[in-house]
1. Relative to the longest principal axis of the chain, what angle (0 to 90°, nearest 10) does the C-alpha long axis of helix 187-197 take?
2. Could you let me know the centre-to-centre spacing of the range 687-756 and the range 528-555, using Cα atoms, in angstrom?
3. With charges set only on the Cβ (+1 for Lys and Arg, -1 for Asp and Glu), what does the dipole of the range 376-469 come to about its Cα centre, in debye to the nearest 20?
4. Based on alpha-carbon atoms only, what is the radius of gyration of the chain relative to the globular estimate 2.2 N^0.38 Å?
5. Which whole-Hz ³J(HN,Hα) couplings does the range 129-139 yield from phi under the Karplus relation 6.51 cos²θ - 1.76 cosθ + 1.60, θ = phi - 60°, glycine and proline marked x?
6. Sort 269-279, 383-393 by packing, meaning the average of other beta carbons within 10 Å per residue, with the highest value first.
7. Along the charge dipole of the range 521-586, which of LEU571, TRP540, ALA528 sits closest to the positive end, that is, farthest toward it, with unit charges on the beta carbon of Lys, Arg, Asp and Glu (+1, +1, -1, -1)?
8. Once every Cα of the range 623-756 carries one equal point scatterer and solvent is ignored, give the base-10 log of I(q)/I(0) from the Debye formula at q = 0.09, 0.12, 0.16 Å⁻¹, two decimals.
Amino acid sequence: MGERDVKAGEVFKWQVSRRGFLGWGALAAAGALAVGGIPIMSQTGAGSQTRQGGSRVQGRTASSARGAHLPPVQFDREVYTICEQCVWRCGLRAKVYQGKVYKLDGNPNHPNSNGMLCPRGQAGIGALYDPDRLLFPMVRAGDRGSGLWKRVTWDEALNYAAQEMQYLKEQFGPESMIFSSTHNLAQVQFENLLRAYGSPNYGTQRSLCFNAMIIANLLTFGMQEPGRDYSAAKYIIYTGRNLTEAISNSETQELIAAISRGTKVVLLDPRFTKTASKSTEWLPIRPGTDLAFFLAMLHVLITEELYDKEFVAKYTWGFDDVAAMVKPYTPEWAASKTEIPASTIRRIAREFALAAPHAFVHPNWRTSNFVNSFQAERAMAIVNAISGNWNQPGGLHAGAGEEGGGLGAIPQPPYPRTTALRLDGVPWKYPMVPLEIGVYQEIRDAVLSGQPYQAHGWFVYRQNPVASLPERRKTLEAFSKLDFIMTIDTTMNDTAWFSDLVLPEASYLERYDPLTTAGDAVFIRQPAVEPMGESKSALWIFKQLGTRMGLGDYFAYEDEEDYLRQQLKPLGVSLEELKSKGYYRPPAKPAEEGELKFNTPSGLIELSSTSLANSNFAAVPVWEEPPAPSADQFYLLTGKVAQHTQFSTQNNRLLHDLVPENSVWIHTKPAAAKGIKDGDEVFVESAAGRVRIKATVTEAIRPDCVYMAPGFGHLSKGTRTSYGEGASDSDLHITYTDPISGGQALSQTFVRVYKA
Ligand code: SF4
């Protein structure tokens, strides 16, 4: 009996069977079972069809001859909605025929996609018709992780969740319940539930990603992430940002267009990424020394007076402190740290100054690399500031805000006051970290230590701490200390697998989410097709759960469409109009004239930070020597491939077929010394754990580094496509937290590699 045949009240075991049988043929059969046959999944004997364009066409012709499952050339309708295969939120058009989605294309009216989708976006159909989709609520029926589940009704599931959460609140206080979620459109109502419940403990993925960048920019410019104007940029410096593989659709398009126009692109990265191959100049910097590079750039710009004196005098604060600080940081000094020649650093500083203000150092994205990454981000921000590139063509500018856009808010009563300390140490241990950002990895460690108090429950909404937090062993150990874990997701990810209650969310092609803005317009996520099984939208789940806990007043909407209508009310546009076009562009407001103002204590760009000084941190960036591996160790680097988003897409069969597993990259020289050949199985071992993985022997990485893509090595037998494929970087990463930004230093883990 398959899981899909289980009746309410029945117990079943979810397991991977006939592991080696999981080729396209088997998956196609499963897909057909799930949706009644979608052409892309139901062609038989098409094991290599996506790799061989010729045979794929042949296959369709053959199918046609049999009259079976030929994709339609015309569709019943086209639905405008928003991609959720990553956080970039591209507008898309879902092409629907007889109640099924057959094709996804970019929405030309959406600024994040400009009519194009990346590989993950196009493969959204694989997420929708994943045979491992969660179709009904389930309660654990054996030990955690045993795979024994009981199918329950929504009523039973919601009553159980409400009862457990209420019990923990009454016994141990609302702070005993941890809530965690990731960047998504329904997050606002998850946060509403958390605040109404009264817990201060909220974990987001940000400290595993970009805390260093966000907090450095908040302190310098008074905003989380400055926007970039590629259209007139003459010179761009990236540090590890790999836009052609860690794709941010519209920005990746902008970069490629800039390269085509002749913009000079300099990339600092220990690995020769695909972005390196497109750059004008690749500098294989020693990991952890970006700060030295930018301190030396500042030294050159200031000592050679290559900065914008007028802009600095008018709009910045603390220039003299920076000038005094950078005196010893010569390019020769930086060369000894970065292993980039002093002459190169000096030349790049001069070239950048010559191109300014039509030049920028990219603020980066995943900046959690070393505990000195925060200071590196500050130094980069200061290079930008003194070049006078603010609001200049080809420079930096205020990023478009995500919130607001004139949308109405759902009325809410005041939230109860929370007085308990936060488990993540914000702000009592991490005073510079904003409350809404937090220090996620500290929550896990607080569960383990029971300090400052013991947590008892964890509510995970569309997130996966088992796969994402460093030291997976510790995360599972922390789970063992909790009385109740519940997860909402679309598939049985590793965290759901170890939960007590799993609730199925409708996929992004089947549900409404709160409206969002991009550029100067409002966009809608709306169902292209009916939700599969009993899956529901998060807006529905949160309201139902809140109501059962006596918090119904906080969810003042009848249903999803009513929620959206309340959001649209101030704009005077109907939901029907928005649904038909996919977007609404309010009349443009006249541009505000006036002096530049920055949301910092001084109202200026803070080269020297008063907030840092007030909290006894260095007000201007100073060199902090990062730890280095011993002679027999390597830096462990991680970074995305273009076909996957963190750990959430590996079970998508379309993407799995392209990149089914990860490998560890190792340079040819150390590989030869260790007798490792390309494709060999090796062990990678850190102080946190050991994984077995295939080796890719290559010259495209520094000899002192190894690299692996994150997100593989799933533990959940409920994700049958990806289960056990590749290895998990979370088994290897050691938890190091930057005391200022709270960022997890992901590249500060050192490993040994040897033949298996
Ligand atoms: Fe989807 Fe790709 Fe856009 Fe992300 S960048 S939202 S995956 S199309």
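The values are calculated or read from the model by the stated rules, or taken from the named source; none is laboratory data. Values in this document were obtained by computation on a predicted structure and should not be read as measured data. Here Cβ is always computed from backbone atoms with ideal geometry, including for glycine, and neighbour counts include all displayed protein chains. What goes into the accessible areas is simple: the full protein's heavy atoms, side chains included, and nothing from ligands, DNA or RNA. Shrake-Rupley method; radii C 1.70, N 1.55, O 1.52, S 1.80 Å.
1. Helix 187-197 sits at roughly 80 degrees to that axis.
2. A separation of 36 Å, based on Cα centres.
3. I would put it at about 180 debye.
4. Taking N as the residue count of the chain, the ratio is 0.95.
5. 9, 5, x, 9, 3, 6, 10, 8, x, 9, 10
6. Those peptides, ordered most packed to least, come out 383-393, 269-279.
7. LEU571
8. Log10 I(q)/I(0), no solvent term: -0.27, -0.48, -0.82.
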